[in-house]
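The values are calculated or read from the model by the stated rules, or taken from the named source; none is laboratory data. What you are looking at is a predicted structure, and each value in this text was computed from that prediction instead of being measured. In this analysis, Cβ positions are derived from the backbone assuming ideal geometry, glycine residues included, and neighbour counts consider all displayed protein chains. Areas reflect the complete protein model, heavy atoms only, side chains present, ligands, DNA and RNA absent. Shrake-Rupley method; radii C 1.70, N 1.55, O 1.52, S 1.80 Å.
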Amino acid sequence: MGLRDQVDWRFRVALIVAHETGHRIGAIRQLQWSDIDFIGGNIRWRAEHEKTGYEHVTPMTTDAGAALEEARRRTPGIGDAPIFPADTNPGRSVDRFLPRKWWERAEKLAGLASKRGRGWHSLRRKFATDLMHKPLKVLCQLGGWKSPETLLECYQQPSEEQMREVLAGRRRASGEAE
């Protein structure tokens, strides 16, 4: 049995959606089929499931679309049916504790020690950092940040490599590029 078969399919789908959208697991686990527009390639994030209460729509990447297609094959719901159904009640979304258990199981299977700061929210920070060179307003819309202050203060983390790259392209005092 491969690693893929040892983790819940919902974990794999949620992991890809989290990586590709930068959204919180709380909003992801409560997505419903009516929030997904496969034809238009969009995801609607409902205000009642967003920590900030910010309803918005974002484009869906190819990888997120493929993961959601996998979910649709496994749980072919329509309308307000949950994409990540609970085991005991398929009409409801998984509870807020189950995604953490999925993460811990995946860490154990990968032979990783649990580490503070690693978890679902680390994917949100990674999304913000990976795209920090993009327009701030666009990034805020994509990740569901209401304001850029939170994004800048809490999420984006410049790397040494990025700082060196910026300095390398800077003009020297003599007017020449380094």
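Things worth noting here:
- Taking first residues from region 20-39 that are closer than 21 Å to R73 by Cα and in contact (Cβ under 8 Å) with a residue 12 or more places away in the chain and partners that are of a type in the set (D, E) and assigned to a helix (DSSP H, G or I), the Cβ contacts under 9 Å between residues at least 6 apart in sequence or on separate chains come to E20/D63; Q30/E48; F38/E69.
- Scope region 86-103; condition free of Cβ contacts under 8 Å to residues at least 40 places away in the same chain, open to solvent by 60 Å² or more (accessible area, probe 1.4 Å), part of a loop (DSSP other than H, G, I, E, B) and within 19 Å of R24 (Cβ to Cβ); matching residues: R92, D95, F97
- Contact map, region 146-167: residues that are under 30 Å from V57 (Cα atoms) paired with residues that are open to solvent by 100 Å² or more (accessible area, probe 1.4 Å), Cβ distance under 8 Å, separation 6+ or inter-chain. Pairs shown: P148/K137.
- Considering residues of region 41-85 that are open to solvent by 50 Å² or more (accessible area, probe 1.4 Å), assigned to a loop (DSSP other than H, G, I, E, B) and not hydroxyl-bearing (S, T, Y) only, the residue nearest to W120 (Cα to Cα): K51
- Inter-residue pairs, beta-carbon under 7 Å, first touching a residue at least 60 places away in the same chain (Cβ under 8 Å) and in region 104-126, second open to solvent by 70 Å² or more (accessible area, probe 1.4 Å), 6+ apart: L109/L3; L123/H19
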